[in-house]
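Visitor: Sharing a structure with you now.
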Amino acid sequence: MSFFSWLFPRTGPDRFVRQVIGRLRAAGIRKAVYHPDQFAIEYRARPDQDSVWMYLGNLYAECQRDPGSSMDRIERFVGTFISPPAIPAVWEEAQPLLRPVLRGASFGRGGPMAHTAVLRRPALPYLDELVVVDQPTSMGYVAEGMWGVPAEQVFAVARANLARVVPPGPAADATFGSAALTFFDAGDSYVVSRLLLSAWLGDLAGEIGGRPVAFVPHPTLMVVVRDEEAVLGGMFEAMLEEYVQAARPLSPMGYTLDDSACLVPYPAGGGGRRLRAAVRRAERSLAAVEYETQRSVLTDDEALRGCTVASCMMVRRGGETAFTIASWGGGAPTLLPAADYIAIDDQNGVGCADGRGGEGGRGGGGTEGGRDAAGTDVLVVPFQALLDEEFLIEAVEYRPTRYWVEPGARSDALARLRSRAVQL
């Protein structure tokens, strides 16, 4: 079971997957494996060929919206994979087909896409901008160096192409309330990608009646509402549920424009207590899922053998408290996520470099940590405390960003950490 499934239990669309596998077998594919964690099917057309992965999120969303067309859609989808159109080898032919897409920062870093350096750049916290080649029945991701064209030019052309396409209008759908503009993507309109166009969201201000806030819980849905606390509190909660239930989740966060008209996550500090709590839950949910997806990839990395890749867990208490926490055992080099808190769990004072244990015992009392379920002493400190004591080295090669922390710490530094310990 994936971390996402554990954190947010949901039932899978098993019947839909059986229908897709049935069409594959009807087309002569005898061995197909379903990977529920990635909502994808892996198959080989022939034993001597590499695996092909079919990501099912968009197709499933289309079939959910129009059940009567499901079998036709599945048949066309499978047919596209069995005889896919080739990506143009010449830049001039590929150029008009390029489109930008938003994906999670951990997307494409494991599985079959890990063998290709996919062209990408950071767009928002935990979200990246990628580029695809859009063809009538398929979509292929652009790799770094493809066509020998600079990356900035590829991104610029993709955005310009999207800007020239007439955007779809909002659907006549009141699922998320009459104050919301709801946009569905049938697979070819790239409506979520329009957040990357500088003017698009701002142009909705007149229609929405205020500063617009956009939600993109999965790649086939965008909901836009005005920045009004009475609307936003419930919308954050509804979008988190959409995110949890999505076959291919994207983000539970809301996005708006800052004073410079740049796209930014909705700020967590504004509004009343309910809204602040909802924004915080969305932020921490996205971080936990992206970090844990990344961890599942890094644990299989031979270059990290002998190292620990720490989990990032989100903790919710009541309806208002949400935070992320990771643990550092101190016995091996560890890649820590940028969590809110770090639980230091080591019976030898996190391997003090000067050979001494900590001063006054670990845990130091009820306000400075405590014990875990196994009775081991635990010191819980804010992530910033480790940064301030220069325990951490940023590992810039990873996204989401992680930080190296090595075993061995000065006892005086540990004493200062104890003075900043918290009781959760």
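Visitor: Given the conditions (1) more than 30 Å from GLU237 (Cβ to Cβ); (2) small (Gly, Ala, Ser); (3) at pLDDT 85 or above, report the number of the one that GLY363 does not fulfil.
Guide: Every condition holds for GLY363 apart from (3).
Visitor: Any idea which of (1) touching a strand residue (DSSP E or B) at 6+ places or on another chain (Cβ under 6 Å); (2) at positive phi is the one GLY148 doesn't satisfy?
Guide: The one condition GLY148 does not meet is (1).
Visitor: A further question on this structure: Just checking, how many residues over the stretch 302-326 are in a loop (DSSP other than H, G, I, E, B) and under 20 Å from the mean Cα position of the chain (by Cα)?
Guide: Step one: list which residues in the stretch 302-326 are in a loop (DSSP other than H, G, I, E, B), which gives 305-307, 310-312, 318-320.
Among the residues that remain, those that are also under 20 Å from the mean Cα position of the chain (by Cα) are: 310-312.
Number satisfying all stated conditions: 3.
Visitor: Follow-up. Which of the residues belonging to the stretch 251-260 are under 24 Å from the mean Cα position of the chain (by Cα) and not in a strand (DSSP E or B)?
Guide: Within the stretch 251-260, SER251, PRO252, MET253, ASP258 meet the criteria.
Visitor: Would you please list the contacts, defined by Cβ atoms under 6 Å and residues six or more apart or on different chains, that run from a residue in the stretch 17-39 that is assigned by TED's automatic domain parsing to the domain that holds SER69 to a residue that is aliphatic (A, V, I, L, M) and part of a strand (DSSP E or B)?
Guide: ILE21/ALA32; LEU24/ALA32; ALA32/ILE41; TYR34/ILE41
Visitor: Continuing with the same structure: Only one residue in GLY111, GLY104 is under 28 Å from the mean Cα position of the chain (by Cα), assigned by TED's automatic domain parsing to the domain that holds MET139 and at pLDDT below 80, so which one is that? Before the answer, list the steps.
Guide: Details: GLY104 fails: at pLDDT below 80.
Result: GLY111 is the single residue among GLY111, GLY104 that is under 28 Å from the mean Cα position of the chain (by Cα), assigned by TED's automatic domain parsing to the domain that holds MET139 and at pLDDT below 80.
Visitor: So, LEU257, is that one touching a helix residue (DSSP H, G or I) at 6+ places or on another chain (Cβ under 6 Å) and more than 21 Å from SER193 (Cβ to Cβ) or not? Outline the logic, then answer.
Guide: Values: touching a helix residue (DSSP H, G or I) at 6+ places or on another chain (Cβ under 6 Å): yes; more than 21 Å from SER193 (Cβ to Cβ): no.
Answer is no for this residue.
Visitor: A further question on this structure: Among the residues that make up the stretch 288-304, is at least one of them of a type outside the set (D, E, K, R) and closer than 20 Å to LEU417 by Cα? Explain how you work it out, then say what you get.
Guide: Residues of the stretch 288-304 that are of a type outside the set (D, E, K, R), as a first pass: 288-289, 291, 293-294, 296-299, 303-304.
Pick out the ones that are also closer than 20 Å to LEU417 by Cα and you get none.
There is no residue in the stretch 288-304 that is of a type outside the set (D, E, K, R) and closer than 20 Å to LEU417 by Cα.
Here's the yes/no breakdown for (1) of a type outside the set (Val, Ile, Thr); (2) surrounded by fewer than 15 Cβ atoms within 10 Å (Cβ to Cβ); (3) farther than 23 Å from TRP200 by Cα:
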position	(1), (2), (3)
GLU92	yes, yes, yes
ALA117	yes, yes, yes
GLN153	yes, yes, no
PRO168	yes, no, no
SER178	yes, yes, no
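Visitor: Among what's in the stretch 228-279 and is buried (at least 19 other Cβ atoms within 10 Å of the Cβ) and among the charged types (D, E, K, R), pick the residue that is modelled with the lowest pLDDT.
Guide: Checking each candidate, the answer is ARG248.
Visitor: If you don't mind, another one. Starting from residues that are closer than 16 Å to HIS218 by Cβ and touching a helix residue (DSSP H, G or I) at 6+ places or on another chain (Cβ under 8 Å), keep the ones in the stretch 58-89 and report whichever is modelled with the lowest pLDDT. Before you say what the answer is, go through the steps one by one.
Guide: In the first step, residues of the stretch 58-89 are kept if they are closer than 16 Å to HIS218 by Cβ; the result is 58-65.
Next, from what is left, pick out any that are touching a helix residue (DSSP H, G or I) at 6+ places or on another chain (Cβ under 8 Å): 59-60, 62-63.
Values: LEU59: 83, TYR60: 86, GLU62: 78, CYS63: 84.
The extreme case among them is GLU62.
Visitor: Report, by residue number, each residue of the stretch 135-146 that is at pLDDT 90 or above and either surrounded by fewer than 19 Cβ atoms within 10 Å (Cβ to Cβ) or over 22 Å from the mean Cα position of the chain (by Cα) (or both).
Guide: Within the stretch 135-146, the first condition is being at pLDDT 90 or above, and the residues that meet it are 142-146.
Passing the criteria: ALA143, GLU144, GLY145, MET146.
Visitor: Scan (1) in contact with a Phe, Trp or Tyr (Cβ under 8 Å, 6 or more places away or on another chain); (2) surrounded by fewer than 19 Cβ atoms within 10 Å (Cβ to Cβ); (3) at pLDDT 90 or above; (4) part of a loop (DSSP other than H, G, I, E, B) for the single condition ALA339 breaks and write down its number.
Guide: Condition (2) is where ALA339 drops out.
Visitor: Look through TYR55, TYR34 and report the one residue that is surrounded by 15 or more Cβ atoms within 10 Å (Cβ to Cβ), among the hydroxyl-bearing types (Ser, Thr, Tyr) and modelled with pLDDT of 85 or more.
Guide: Values: TYR55 fails: modelled with pLDDT of 85 or more.
Unique residue meeting the criteria: TYR34.
Visitor: Of the residues TYR190, TYR126, which single one is touching a residue at least 24 places away in the same chain (Cβ under 8 Å), among the aromatic types (Phe, Trp, Tyr) and over 30 Å from ARG73 (Cα atoms)?
Guide: Details: TYR190 fails: over 30 Å from ARG73 (Cα atoms).
One residue alone meets the criteria, TYR126.
Visitor: Moving on to the next point. I'm trying to understand the selection: among the residues of the stretch 377-421, which are aliphatic (A, V, I, L, M) and either within 28 Å of the chain's Cα centre (by Cα) or in a loop (DSSP other than H, G, I, E, B) (or both)? Break it down stepwise before answering.
Guide: Narrowing the stretch 377-421 to residues aliphatic (A, V, I, L, M): 378-381, 385-387, 392-393, 395-396, 405, 409, 413-415, 417, 421.
Matches in the stretch 377-421: VAL380, VAL381, ALA385, LEU386, LEU387, LEU392, ILE393, ALA395, VAL396, VAL405, ALA421.
Visitor: Quick check: is even one residue across the stretch 262-275 aromatic (Phe, Trp, Tyr), assigned to a loop (DSSP other than H, G, I, E, B) and in contact with a Ser or Thr (Cβ under 7 Å, 6 or more places away or on another chain)?
Guide: Restricting attention to the stretch 262-275, the residues satisfying the condition of being aromatic (Phe, Trp, Tyr) are 266.
Retained after the next criterion (residues that are assigned to a loop (DSSP other than H, G, I, E, B)): 266.
Restricting the remaining residues to those that are in contact with a Ser or Thr (Cβ under 7 Å, 6 or more places away or on another chain) gives 266.
Yes, the stretch 262-275 contains a residue that is aromatic (Phe, Trp, Tyr), assigned to a loop (DSSP other than H, G, I, E, B) and in contact with a Ser or Thr (Cβ under 7 Å, 6 or more places away or on another chain).
The values are calculated or read from the model by the stated rules, or taken from the named source; none is laboratory data. Since this is a predicted model, take the numbers as computed values, not measurements. Cβ sites come from the backbone with ideal geometry, for glycine too, and all protein chains shown count toward neighbours.
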